[in-house]
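Here the structure is laid out as structure tokens; the discussion comes afterwards.
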Amino acid sequence: MAGRVEGKVAFVTGAARGQGRSHAVRLAEEGADIIAVDVCGPISPDSQIAPSNPDDLAQTADLVKNLDRRIVTAQVDVRDYDALKAVVDSGVEQLGRLDIVVANAGIGNGGQTLDKTSEEDWDDMIGVNLSGVWKTVKAAVPHILSGGSGGSVILTSSVGGLKAYPHTGHYIAAKHGVIGLMRSFAVELGQHSIRVNAVCPTNVNTPMFMNEGTMKLFRPDLQNPGPDDLAVAAQFMHTLPIGWVEPVDISNAVLFLASDESRYITGLPVTVDAGSMLK
């Protein structure tokens, strides 16, 4: 039986690890070839979360190749439009087309209230999590248009793109902005049969969530909180009895939105949130 995205090409950002790697592999499992990019390094010198590295991206490539799919990789910062465009142009030249965009690259930083957030943290957050999403789609759309048969664009927002939480205001602002981008692109590109949707995850079991900073943010009452301590607090966010979801849970939603199964779904924020939006 043919895969659900058989013969299509997908462009995935933030693909070295976490959700991005999971999306690339899940799409490849269902027949897609992949253009994968990641910054493979720190966004700022004082980043509290260990960054991805070139070996991580190489591992993603190996996972895709082991599925007998083709993959083109590059180290790119999504804030750099010219570099993004060059990679997409080259990837399409090698793979022949572009059908799917997964604008997934994102960062977490800070942990202050908005009035105490540094300008550097604000600029990095908006630069990667909002402007980077716009630049990703901007670089990719001409290739989908030239294909003439439509396509699917999936933006990674968050439940934080639909409601607010304290101490992450710059992240909340960026992810709300992604929802605005998604709706605007959906309105503008619909006439070309290009669908644009967003996935809105809750906490996901990746290095961006599973780290010391997040654990201390969730459990300020403890000196050295660990994953079990985090789970107790994180579960209160959800109606289902879990603290977080797995990357593949988001990837399955991405796959559905990328496939023809969702051929008339556009402009939709799709929550994968264990009931977080009901709280």
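Values quoted throughout were computed directly from the atomic coordinates according to the rules given, and no laboratory measurement underlies them. Nothing here was measured: the structure is a model prediction, and the numbers come from that model. So basically every Cβ, Gly included, is an ideal-geometry build from the backbone, and we count neighbours across all protein chains shown.
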- Which of the GluC sites (Glu not before Pro) across region 1-89 are loop residues per DSSP, with 12 or fewer other Cβ within 10 Å? E6
- Message: What would the Debye equation give as log₁₀ I(q)/I(0) for region 91-137 at q = 0.13, 0.16, 0.26 Å⁻¹, counting only Cα atoms as equal point scatterers?
- Response: -0.43, -0.56, -0.94
- Message: Quick check: pseudo-label points 7 Å beyond the Cα along Cα→Cβ at V187 and Q112, how many nm apart are they?
- Response: 3.5
- Query: Alpha carbon centre of region 230-259 versus region 50-107: separation in Å?
  - Reply: 24
- Query: Where does each of M125, M1, M237 land when they are ranked from fewest to most other beta-carbon atoms within 10 angstrom?
  - Reply: M1, M237, M125
- Task: Pull out the extension gain between K279 and E120, defined as 0.36 nm times the separation in residues minus the alpha carbon to alpha carbon distance; nm, one decimal.
- Result: 54.0 nm
- Message: Suppose every Lys and Arg Cβ carries +1 and every Asp and Glu Cβ carries -1, with no other charges. What dipole size does the chain come out with about its Cα centre, to the nearest 20 debye?
- Response: 740
- Residue separation between E212 and L240 times 0.36 nm, minus their alpha-carbon distance, gives in nm 7.6 nm
- Item | Angle between the chain longest axis and helix 247-258 axis [Cα atoms, degrees, rounded to 10] | 40
- Item | Order by protection proxy (mean Cβ within 10 Å, highest first), peptides 151-159, 133-141 | 151-159, 133-141
- Using alpha carbons only, how many degrees (0 to 90, rounded to 10) separate the axis of helix 54-65 from the longest principal axis of the chain? 50
- Query: Considering only S47, V9, V37, whose Cα is most displaced toward the positive end of the charge dipole of region 1-88, charges sitting on Cβ of Lys, Arg (+1) and Asp, Glu (-1)?
  - Reply: V9
- Message: For a quick check of your reading of the filter: which trypsin sites (Lys or Arg not before Pro) in region 139-244 sit in a DSSP loop and have no more than 14 other Cβ atoms within 10 Å?
- Response: K163
- Message: What does the C-alpha gyration tensor say about the overall shape of region 1-99? Classify as rounded when a/c is under 1.5, otherwise prolate if a/b is larger than b/c, or oblate.
- Response: oblate
- Query: Which parts of region 106-128 would a label at A164 reach, counting a residue when its backbone N lies under 11 Å from a point 7 Å out along Cα-to-Cβ?
  - Reply: 114-115
- Taking the Cβ-Cβ separation of Q75 and R263 as r and a Förster radius of 35 Å, what is the calculated FRET efficiency to the nearest 0.05? 0.55
- More than 26 Å apart - percent of Cα-Cα pairs taken over region 88-217: 29
- Query: Which aspartates and glutamates, on any chain, are close to K163 with Cα under 14 Å apart, when same-chain ones fewer than 8 places away are left out?
  - Reply: D273
- Using only the Cα atoms, what convex hull volume per residue in Å³ does the chain have? 128
- Query: Rounded, prolate or oblate: which one fits region 38-147, using the alpha carbon gyration tensor with axes a ≥ b ≥ c (rounded when a/c is under 1.5, else prolate when a/b beats b/c, else oblate)?
  - Reply: oblate
- Message: Return the Rg/Rh ratio of region 150-226 with Cα-based radii and a Kirkwood Rh.
- Response: 1.14
- Provide H23, H176, H143 in ascending order of the number of other Cβ atoms located within 10 Å of each residue's Cβ, fewest first. H176, H143, H23
- Query: Once phi is turned into ³J(HN,Hα) by the Karplus curve 6.51 cos²θ - 1.76 cosθ + 1.60 with θ = phi - 60°, what whole-Hz value does each residue of region 95-106 show in order, with x for glycine and proline?
  - Reply: 9, x, 5, 8, 10, 10, 10, 10, 7, 9, 3, x
- Non-local residues with an amide H under 5 Å from the amide H of V76, with H modelled 1.01 Å from N and Pro and chain starts lacking one, are D38, V39
- Query: Whose amide H sits under 5 Å from the amide H of V102, counting only residues 5 or more places off or on another chain, with H placed in the peptide plane?
  - Reply: F11, V12, T13, I154
